[in-house]
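What follows is calculated from the coordinates using simple rules that are stated; it is not laboratory data. These figures come from a predicted structure and were not determined experimentally. Cβ coordinates were reconstructed from backbone atoms using ideal geometry, including for glycine residues, and neighbour counts include every protein chain displayed.
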Ligand SMILES: [Cu+2]
């Protein structure tokens, strides 16, 4: 199978989807102010998919597919998405990792009102950083992400990078049984531990696919963890691969080595030298095969040398000497209370003694930290639990400085996988005014308390 979608989005080819219920397609929202805009119509709607052969799963998709329609833009350009909700429930879209104004951040009752069934909302923002990002609801997240409302958003560099081949691999494990029916997205006893994992792994919506890559070429693989729960222990035994970017930000290329732990919401970009035609590589999560990468005879030029480091994104460098340190404790506090109403999510997790309550719309009015606009801060992140938490901040990109558990080469990211009992320090310039969510991206940890708001003013 071919898994490059660039052709579809390269021009008006996508218009073929017009008229298909739940379809997504490119179109113009009237006359653009400038031509450097990328316009999409994006519809969220139920879509039946065949994840297990011969069985229908009643998924929810963006643009009639799971994972959702791949959105592409170019660094510095604007992205305009007319979003229409054809789901039975209200929803929003959050653009994970993209630094944008609060009104576009997609958090219900903080950024915007929820988009109700039948309504539309226009998202419009500039793309300051090149890299691999993703989008998903920030509303009833366990169910909505669990049913398939996740999609990649790729921001291309303004100048050629030296990579001729670019492949997006969206990873998602599904909460389905043997008949393709959904199982619970969150079970209290799992939410109180590592989170409720899906059981059927997929890459680009297909279980254990074989993906063809051009033999002898160096390709850019964008691996996106769009999962509710699972941290993938990615490995590519026998491959000659280098890490080029983490979570949408370039690093000095280094060998992929034995592998990388990619938590929910995180992304890694690899350069891979595809071996000789006929050779197969296994992309695995620990011992489990996620996909087979098969080298096929390529026409055209023989592989070049490794591309240079990707250009840095324009992220403000924190002033560590002047930075104030703030401490955040991530803690398990739970016990399932007996008088819990059937609709309420239990509370198992806290940040600095406060649990977020998904049912309480006023939580964002009580931020766990208040930052002064323009100042630098160091966050000391302390995991007081036995479980990993991919800690994600909206609105700003932070720099990971150090950890008491692993050697860190400082890098910019939007999500840091905080290991059990780990303390890590990250630094950020509070350069984006607003109320920003700060949460664990294990969705059922987030929904059972592990979220807070950070105010920048
Ligand atoms: Cu967590």
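A few notes on this one:
- Estimated distance in nm for a label pair at residue 252 and residue 116, the labels positioned 7 Å out from Cα along Cα-to-Cβ: 5.6 nm
- Averaged over residues, the count of other Cβ atoms within 10 Å places the peptides 47-55, 190-198 in the sequence 190-198, 47-55, highest first.
- Region 75-152-region 207-243 distance, computed between alpha-carbon centres (Å): 26 Å
- Cα centroid separation, region 344-374 to region 427-457 (Å): 8 Å
- Rg/Rh ratio calculated on Cα atoms of region 166-296 (Kirkwood radius): 1.00
- Most simply put, the chain has about 70% antiparallel DSSP beta bridges, counting only bridges with both residues inside it.
- More than 19 Å apart - percent of Cα-Cα pairs taken over region 324-456: 47 percent
- Residues 309, 267 arranged by fewest to most Cβ contacts within 10 Å: 309, 267
- The antiparallel fraction among DSSP beta bridges confined to region 166-296 stands at about 75%.
- Cα centroid separation - region 254-329 against region 383-422, whole Å: 18 Å
- Using C-alpha pairs under 8 Å with a sequence gap of at least 6, the mean separation divided by the residue count of region 324-456 gives a relative contact order of 32 percent.
- Estimated distance in nm for a label pair at residue 178 and residue 320, the labels positioned 7 Å out from Cα along Cα-to-Cβ: 5.5 nm
- Among 379-388, 135-144, sorting by the average number of other beta carbon atoms lying within 10 angstrom of each residue, highest first, gives 135-144, 379-388.
- Take the Cα of residue 164, step 7 Å toward its Cβ, do the same at residue 357, and the gap between the two points is 6.0 nm.
- Mean Cα-pair separation over length for the chain, i.e. relative contact order, pairs under 8 Å, 6 or more apart, %: 13 percent
- P(r) tail for the chain: Cα pairs beyond 38 Å make up 18% of the total.
- In the chain, the DSSP-assigned H stretches of four residues or longer account for a calculated mean residue ellipticity at 222 nm of -500 deg cm²/dmol, using -39500 (n - 2.57) per stretch and the full residue count as denominator.
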